[in-house]
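The values are calculated or read from the model by the stated rules, or taken from the named source; none is laboratory data. Keep in mind that what you see is a predicted model, and the values were worked out from it rather than measured. Neighbour counts run over all protein chains shown; Cβ positions are idealised from the backbone, glycine included.
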């Protein structure tokens, strides 16, 4: 991988630990949406693959790799009178305030990668506004050359559009860009874009689930430098 010129990171489950971040958000958001009714919150949670009593996401939850629109579609039948736009806006406001837990110390890692001449980007299926809020709260926005969400105009993963837009912005051919993510959506998008892929285990997918789609599976993104540069020595 020594000819890699750029790295695209997924956000949730990759830069940030998925469970540590989004379990708290789901409990708070669903409780508020249910007006404090635990039974209704459990129904709403079930619609998006989240057990409010166990405080756990199902592996196939649309909240893991889906867009806010996809999550809203699952919730709408259980929120009478809500419109898709209003529900998505409510979700995005709540998401922007979610407490983010770094998967590894991000500033030091990103500085190390940038110091090796790598261009860095973020492509998430979250909306761009919350994504920028999360990166800003962690103090790492300026480490990235390119940041795109599902509403940035390039499409959403597993389609390759946002990855190709990022590579073009970096001035790199897709073959020299690495896509790093925690879900099959991330890795499928990478393959569709003609990029190499690295899976990480800071989301909900297991190594066995990611292995068929990834060129490499790592415990977390902190292991990237040794795998990138040991081969260049």
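Observations, loosely collected:
- Boolean, residue 204 is within 27 Å of residue 70 (Cα to Cα), touching a residue at least 12 places away in the same chain (Cβ under 8 Å), assigned to a loop (DSSP other than H, G, I, E, B) and within 17 Å of the chain's Cα centre (by Cα): yes
- Only listed residue being under 24 Å from residue 20 (Cα atoms), crowded, with 18+ Cβ neighbours inside 10 Å, modelled with pLDDT of 95 or more and out of contact with any helix residue (DSSP H, G or I) (no Cβ under 7 Å at 6 or more places or on another chain), chosen from 118, 110, 106: 106
- Residue, farthest from the chain's Cα centre (by Cα), within the range 121-132, restricted to residues that are surrounded by 21 or more Cβ atoms within 10 Å (Cβ to Cβ) and part of a helix (DSSP H, G or I): 130
- Filtering the range 185-201 to residues that are surrounded by fewer than 19 Cβ atoms within 10 Å (Cβ to Cβ) and in a helix (DSSP H, G or I) leaves 191, 192.
- Helices (runs of 4 or more DSSP H) contained entirely in the range 1-109, each with at least 3 residues that are closer than 25 Å to residue 199 by Cβ and touching a residue at least 60 places away in the same chain (Cβ under 8 Å): 18-33
- Residues considered: 159, 208, 167, 230. Of these, the only one that is within 15 Å of residue 9 (Cβ to Cβ) and either at pLDDT 95 or above or surrounded by fewer than 22 Cβ atoms within 10 Å (Cβ to Cβ) (or both) is 167.
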